[in-house]
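**Student:** Attaching a single structure in structure tokens format; questions to follow.
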Amino acid sequence: MKKHKNKVKLDGKRTISLAIGSIIGGILGKNLFTLFLAALNNNLLGQKIQSTTLFILMGVVLILYINEGKIKGFRVNNIGFCALIGIILGIISSFLGIGGGPINVIALMYILGMGSKESSIHSIFIIFFSQGSKLLSVFLSEGFSVYNLEVLPFMVVGGIMGGFIGSYLLGKMKKNNIKNLFTYTMLIIMCFNLYNLIKK
């Protein structure tokens, strides 16, 4: 209902292709990260590489977003290619241990030719399916007993509240205001990421 209220429609076949691809990518990303840590045999170094990669990707995303309209993108409609994009975004999301929202939005804007609002909605689908498949993979393999789940209820409540607030703002704010909010949020995320990288 929210998406209809905000006049953002899902793109049928491409949405389904992205979702299927992101499920595969979520599982692959989780397994790749496990193999990556095993090969390094150094969790701290692995976390630093992960943080550095994320910082660089966030920087690229920010540059592309600021220059929206100046850099020509594509509009790919082939569902096979859409599924491949879903797999890649799912791998990135799962491998880096993040939802991958900003990366998804930019990829969907520049590769699939979606608008910023349309990309945001489709990004939620990619995050949901990629992280969902990752959680299912963890549950079936090692389980959740090794994790501290005390903060989980607060995270769930916060995520739900954030979703409603974000949806409300998406419908009320103009494109320029959304762009400014996204830019400042990205800068804050990059600062936190850099702080964590130096702290480690």
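The values are calculated or read from the model by the stated rules, or taken from the named source; none is laboratory data. Note that this is a predicted model, so its numbers are computed, not measured. So basically every Cβ, Gly included, is an ideal-geometry build from the backbone, and we count neighbours across all protein chains shown. All accessible areas refer to the heavy atoms of the entire protein, side chains included, with ligands and DNA or RNA removed. Shrake-Rupley method; radii C 1.70, N 1.55, O 1.52, S 1.80 Å.
**Student:** Please determine whether any residue of segment 134-149 is within 21 Å of N104 (Cα to Cα) and in contact (Cβ under 8 Å) with a residue 60 or more places away in the chain.
**Tutor:** Yes, segment 134-149 has at least one match.
**Student:** Then there's this: Restricting attention to segment 143-200, and to residues there that are within 20 Å of I66 (Cβ to Cβ) and charged (D, E, K, R), which single residue is nearest to the chain's Cα centre (by Cα)?
**Tutor:** Going through the qualifying residues, I end up with K179.
**Student:** Considering only residues that are open to solvent by less than 30 Å² (accessible area, probe 1.4 Å) and more than 19 Å from I111 (Cα to Cα), which ones fall in segment 14-50?
**Tutor:** G26, G29, K30, G46
**Student:** Among the numbered conditions (1) open to solvent by 50 Å² or more (accessible area, probe 1.4 Å); (2) free of Cβ contacts under 8 Å to residues at least 60 places away in the same chain, tell me where Y110 comes up short.
**Tutor:** (1)
**Student:** Scan (1) open to solvent by less than 30 Å² (accessible area, probe 1.4 Å); (2) in a helix (DSSP H, G or I) for the single condition G171 breaks and write down its number.
**Tutor:** All conditions are met except number (1).
**Student:** Across segment 67-102, what is the total count of residues that are open to solvent by 40 Å² or more (accessible area, probe 1.4 Å), within 18 Å of the chain's Cα centre (by Cα) and either farther than 25 Å from S17 by Cα or among the small types (G, A, S) (or both)?
**Tutor:** 1
**Student:** Moving on. Return the residues of segment 122-133 that are among the hydrophobic types (A, V, I, L, M, F, W, C) and open to solvent by 30 Å² or more (accessible area, probe 1.4 Å); say none if nothing qualifies.
**Tutor:** Across segment 122-133, the qualifying residues are I124, F125, I127, F128, F129.
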